[in-house]
Amino acid sequence: MFVRILIFSTLIILIELYFLQAVKTFTQDFSQGKRSAILYITYTIACISILMAIVAIVYPPPNWNSFLRFLSSILIIIVLCKLIGCSFLLIDDIIRLFRWIFSFLKSKPEVIAETTTGISRLKFLSQVAITFTVVPAVGFIYGMVRGAYKYRVHNVKIPSSKIPKEFNGFKIVQLSDIHTGSFLNEDGLKKAFEIVAAQKPDLILFTGDLVNNEAKEVEGYEHLFSSLKAPHGVFSVLGNHDYGDYVQWNGPEEKRENLQKLKAKQKDFGWRILMNEHVPIEKDGAQIGLIGIENWGGNMRFPRYGKMKEAYEGADKYPFKILMSHDPSHWDMQVVLEYPEVDLTLSGHTHGMQLGIEIPGFKWSPIKYLYKNWAGLYKQDKQMLYVNRGLGFLGYPGRLGIWPEITVIELQSV
């Protein structure tokens, strides 16, 4: 890890130094006061970034507190945006280098000079570099400060002749991908759960990834998770991150203990975690079936712990069946093919990649190139899949365009 951090820190320093040259060129025609102010801000940000890189070498990021993690996230975004901006200058410099080498080999070195009329190519590229740094940086920082907590309620109506009339108007709130360890404090989750309570759900379903890696992430948030209440209960399943597969444990026993602790925590919240099993949901003497399986990954070698055959056995007796399965690729690769009697599958996992465009009549995210079904409601014949965009965030500590979701599903007997 030390070598990786050292290499990354060196890259940060090189990027900062290269970007400073672009800023100097960009401001060369500014008044002395404006130029000094811009350079002062640029030098300050560069110094903080370099200082954080040095800190990372002697004090590894996994040990950082919430403030350092948040600050480092902003700085990394700025550095990456600087890298994008500086790529224009770098390409030009590489072209110039090859032109010089070629002319040198011809024994007639070329003098690369800028034209004296109009804007110079170097200054133009510096302006492009600044633009392609500032614009995305502002957007991504907004996504961290505001977008990550810009909760959206998605109302979905599920009509079916198989839904008993007693369940007409039955309201289910689906939550997914909370990733508790990514939150800096409880304010964000508190706001989200207040929105959930305001929906007055009959049933709350959580479709996996409560944590990033370890059960200890929920410590200090227990009172918030316990506040999620519904007349017909709160049920959950496990997502790929809940198993601790992305942590270097001291041994398999420690990993098993972590998973058992996470399951026990959910039980303490008052949640019922479904581990490849089904339960009846009863209302006024009528029943529908709720099936929950462990993570069943279809893409990118995500683990397949789910046992659909085991979970479904005996569920035929329910007229309408809801499946909770974290990864939406499970619907395409097994549910539709082998279990046509499963009426509605609820998934999460994709987060909508936390980045994209979503306006009435149009939605796009890079995640669509990895997942056929990545956000919203999908139908195939009489079966339906709903993919929740996730409540939390992972990796990039924010959201831009694809906002965190609270899904309100209303069953309609037709």
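The values are calculated or read from the model by the stated rules, or taken from the named source; none is laboratory data. Only a predicted model underlies this, so the values are computations on that prediction, with no experimental measurement involved. Neighbour counts are summed over all protein chains in view; Cβ atoms, including those assigned to glycine, are modelled from backbone coordinates with ideal geometry.
The table below gives the values:
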{"read-out": "Leading residue by the ranking (surrounded by the fewest Cβ atoms within 10 Å (Cβ to Cβ)) among those in the stretch 313-337 that are closer than 23 Å to Thr407 by Cα and of a type in the set (S, T, N, Q)", "value": "Ser329"}
{"read-out": "Filter result for the condition that a residue is within 23 Å of Gly401 (Cβ to Cβ), in contact with a strand residue (DSSP E or B) (Cβ under 9 Å, 6 or more places away or on another chain) and in contact (Cβ under 8 Å) with a residue 12 or more places away in the chain, over Glu358, Glu310, Glu277", "value": "Glu358"}
{"read-out": "Whichever residue in the stretch 280-315 is of a type in the set (D, E, K, R) and at pLDDT 95 or above and, among such residues, is farthest from Val342 (Cα to Cα)", "value": "Asp284"}
{"read-out": "Residue in the stretch 198-205 that is part of a helix (DSSP H, G or I) and modelled with pLDDT of 95 or more present", "value": "yes"}
{"read-out": "Criterion: touching a residue at least 12 places away in the same chain (Cβ under 8 Å) and out of contact with any Lys or Arg (no Cβ under 9 Å at 6 or more places or on another chain) - qualifying residue of Ile48, Ile15", "value": "Ile48"}
{"read-out": "Residue in the stretch 229-249 that is more than 30 Å from Ser413 (Cα to Cα), of a type in the set (Val, Ile, Thr) and without any contact (Cβ under 8 Å) to a residue 40 or more places away in the chain present", "value": "yes"}
{"read-out": "Top-ranked residue in the stretch 250-264 [being touching a Phe, Trp or Tyr at 6+ places or on another chain (Cβ under 8 Å) and touching a residue at least 40 places away in the same chain (Cβ under 8 Å); ranked as nearest to Ile406 (Cα to Cα)]", "value": "Leu259"}
{"read-out": "Every residue from the stretch 163-199 that is in contact with a Phe, Trp or Tyr (Cβ under 7 Å, 6 or more places away or on another chain) and surrounded by fewer than 18 Cβ atoms within 10 Å (Cβ to Cβ)", "value": "Leu184, Glu186, Lys191, Ile195"}
{"read-out": "Top-ranked residue in the stretch 200-231 [being among the acidic types (Asp, Glu) and surrounded by fewer than 18 Cβ atoms within 10 Å (Cβ to Cβ); ranked as farthest from Leu259 (Cα to Cα)]", "value": "Glu222"}
{"read-out": "Index of the failed condition, Ile367 passing every other in (1) free of Cβ contacts under 8 Å to residues at least 40 places away in the same chain; (2) surrounded by fewer than 16 Cβ atoms within 10 Å (Cβ to Cβ); (3) not basic (Lys, Arg)", "value": "(2)"}
{"read-out": "Residue match in the stretch 20-35 (condition: assigned to a loop (DSSP other than H, G, I, E, B) and hydroxyl-bearing (Ser, Thr, Tyr))", "value": "yes"}
{"read-out": "Single condition Glu341 does not satisfy, out of (1) within 14 Å of the chain's Cα centre (by Cα); (2) surrounded by fewer than 23 Cβ atoms within 10 Å (Cβ to Cβ); (3) farther than 22 Å from Phe193 by Cβ", "value": "(1)"}
{"read-out": "Matching entry among Val234, Val211, Val247 (being under 16 Å from Gly270 (Cα atoms) and not aromatic (Phe, Trp, Tyr))", "value": "Val234"}
{"read-out": "Contacts under 7 angstrom Cβ, first residue in the stretch 134-146 being within 14 Å of Ser72 (Cα to Cα), partner of a type in the set (S, T, N, Q), 6 or more apart", "value": "Met144/Ser73"}
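Yes/no matrix, rows are residues, columns are (1) part of a helix (DSSP H, G or I); (2) within 40 Å of the chain's Cα centre (by Cα); (3) at pLDDT 80 or above:
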| residue | (1), (2), (3) |
| --- | --- |
| Ala113 | no, no, no |
| Lys123 | yes, yes, no |
| Val135 | yes, yes, yes |
| Val138 | yes, yes, yes |
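Residues are listed down the side, and each one gets a yes or a no for (1) at pLDDT 95 or above; (2) farther than 19 Å from Gly292 by Cα; (3) not in a loop (DSSP other than H, G, I, E, B):
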| site | (1), (2), (3) |
| --- | --- |
| Ala230 | yes, no, no |
| Phe235 | yes, no, yes |
| Leu238 | yes, no, no |
| Gln248 | no, yes, no |
| Lys255 | yes, yes, yes |
| Leu259 | yes, no, yes |
| Ala264 | yes, no, yes |
